[in-house]
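See below for the structure under consideration.
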Amino acid sequence: MLLPHLFPALPESFEGVLEARRSVREFTEQPVRLAEVGQLLWAAQGTLNDGRRTAPSAGGVFPLAVTLIAGNVESLESGAFRYESTTHGLEPIVSGDLRPEIEAAAIGAQPWLGAAALIIVVGADLEGVAEHFADQPPVGERGHRYAHMQVGHAAQNAYLQATALGLGLVFVGGFSDDRIQALSPALLSQGYRPLGLLAVGHPPPMLESNARP
């Protein structure tokens, strides 16, 4: 399915969005609109009209992939969907609400994963990117370093986009890779490993009392 058209540029200043950015760990039960989901996915790993991407990639390899875990999204059934950046569309992978299982895969108590309206799983083809940069020292490590840097680029884009949309987001890096991948063999493309989770939802009215930098 194709996602709704992107919103036009928002009027808030870039400096204002940076100042307002927070990691939000409490969410209301208000659903997130499908167009807002599309905007977040596009910010993280979307394609621009001229073919460039919204986040940079060393050597133009683009080893990242993003998967949407929808639980409380308007006009979208609960399930996992692969984001196709070139078409700005979603490919269904698994039906059903996977948020409780993702919360259970977290290291320590992280209830915001189960409470979020949606979770974006950011994965990378670590073997492929390591092979691409095999001639760069340290041997076998340089490509992995680039991949982790790119996860940071994608996550920050999503943070700032969520802030501009009035949504809350928190990046989660502590989880069992194996348990995330065990949710479905197709959750991430073959060879991809999960590197980060972005939990998204509507923040409570008193944002400052429910978030920390």
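The values are calculated or read from the model by the stated rules, or taken from the named source; none is laboratory data. Quantities reported herein were computed from a predicted structural model and do not represent experimental measurements. Positions of Cβ are generated from backbone atoms using ideal geometry, with glycine treated the same way; all protein chains shown enter the neighbour counts.
Odds and ends about this structure:
- Residue satisfying all of: in the range 83-107; closer than 21 Å to ALA154 by Cβ and among the hydroxyl-bearing types (Ser, Thr, Tyr); surrounded by the most Cβ atoms within 10 Å (Cβ to Cβ) among these: TYR83
- Residues of the range 171-195 satisfying the condition of being within 13 Å of ILE107 (Cα to Cα) and of a type in the set (A, V, I, L, M, F, W, C): VAL172, PHE175, ILE180
- The residues on offer are VAL32, VAL24, and the sole one that is closer than 24 Å to LEU188 by Cβ and in contact (Cβ under 8 Å) with a residue 60 or more places away in the chain is VAL32.
- Residue match in the range 39-60 (condition: more than 17 Å from the chain's Cα centre (by Cα), outside any loop (DSSP other than H, G, I, E, B) and free of Cβ contacts under 8 Å to residues at least 40 places away in the same chain): yes
- Filter result (of a type in the set (Val, Ile, Thr) and closer than 22 Å to VAL129 by Cβ) within the range 48-94: THR54, VAL61, VAL66, THR67, THR86
- One residue stands out among those in the range 164-213 that are surrounded by fewer than 20 Cβ atoms within 10 Å (Cβ to Cβ) and in a strand (DSSP E or B): the one that is modelled with the highest pLDDT, which is PHE171.
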